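All remarks here apply to the structure that follows.
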Amino acid sequence: MLNPKSIPNLLTGARLLALPILWGFALMGYHRVVGAGLLFAWLSDALDGFLARRLDAESAWGSQFDSISDTLTFVSALGWVVLLRPEFVAEYAALLLVWVSIGVANYSVSWIRFRQLADIHLLSAKAANFAGFLFVAYLIAFGVQSQVVVYAVIGVCMVAAIETFLVLVTFERVDERIQTVFQRPSRREL
């Protein structure tokens, strides 16, 4: 019998297992299948965290597993955009490079300061995750959207990346309870 508390990790695992399948469809040029798969990934990401909290199934391992899955999905989504929508990458290369550079800096700072990839779930990152996944799923499936939408989504993603950087360089300890750079550390964190 399935333990209900295992459902969040099963969703996260399904997201990971879907990645090689979606890569196969991407390599065959099935834009809409990859876009729909990315939409599934986003929905499963939103649902696994909600269910973990609802089922009282939160764990450090599950949170880390979710972060690893999110990172691999994110990297895959970037790869799919490059592969399936190279015209978008060419047009917005400078902005994308700045954003990705901040992301790489975040991983580097996290590793240097904390000897691990920080498991941070900032509110701005959740907003960027929401906007970014929906945007990229649509972009892959149907092509470029209006410039206003492009700049808005990239702007939200950059704000989240910059806030993550600020948390990583200013907080002494980081974990999934931190929601914003403006949050004061609790006595337990000091």
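General observations
- Residue within segment 53-61 that is under 20 Å from PHE165 (Cα atoms) and at pLDDT 90 or above present: no
- Tabulated pairs, segment 2-18, first more than 18 Å from PHE50 (Cβ to Cβ) and among the small types (Gly, Ala, Ser), second in a helix (DSSP H, G or I) and at pLDDT 90 or above, C-beta under 7 angstrom, 6+ apart or interchain: ALA18/GLY37; ALA18/PHE40; ALA18/ALA41
- Scanning segment 28-75 for residues that are part of a helix (DSSP H, G or I), more than 21 Å from LEU122 (Cα to Cα), out of contact with any helix residue (DSSP H, G or I) (no Cβ under 6 Å at 6 or more places or on another chain) and free of Cβ contacts under 8 Å to residues at least 40 places away in the same chain returns a single hit, PHE40.
- Residues in segment 96-106 that are closer than 28 Å to SER146 by Cβ and surrounded by fewer than 15 Cβ atoms within 10 Å (Cβ to Cβ): LEU97, VAL98, VAL100, SER101.
- Here TYR107 fulfils each of the conditions (1) part of a helix (DSSP H, G or I); (2) out of contact with any Phe, Trp or Tyr (no Cβ under 8 Å at 6 or more places or on another chain); (3) in contact (Cβ under 8 Å) with a residue 12 or more places away in the chain apart from (3).
- Residue in segment 166-177 that is in contact with a Phe, Trp or Tyr (Cβ under 7 Å, 6 or more places away or on another chain), farther than 18 Å from LEU39 by Cα and assigned to a loop (DSSP other than H, G, I, E, B) present: yes
Matching residues to (1) closer than 23 Å to SER63 by Cα; (2) exposed (fewer than 13 other Cβ atoms within 10 Å of the Cβ); (3) among the polar types (S, T, N, Q):
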{"position": "LEU84", "(1), (2), (3)": "no, no, no"}
{"position": "VAL89", "(1), (2), (3)": "no, no, no"}
{"position": "ALA94", "(1), (2), (3)": "no, yes, no"}
{"position": "SER108", "(1), (2), (3)": "yes, yes, yes"}
{"position": "PHE114", "(1), (2), (3)": "yes, no, no"}
{"position": "ASP119", "(1), (2), (3)": "yes, no, no"}
{"position": "LYS126", "(1), (2), (3)": "yes, no, no"}
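- Out of ALA161, ALA118, ALA94, ALA125, one residue alone is within 25 Å of ALA36 (Cα to Cα) and aliphatic (A, V, I, L, M). It is ALA125.
The values are calculated or read from the model by the stated rules, or taken from the named source; none is laboratory data. Only a predicted model underlies this, so the values are computations on that prediction, with no experimental measurement involved. Backbone-built Cβ (ideal geometry, glycine too); neighbour counts: all protein chains shown.
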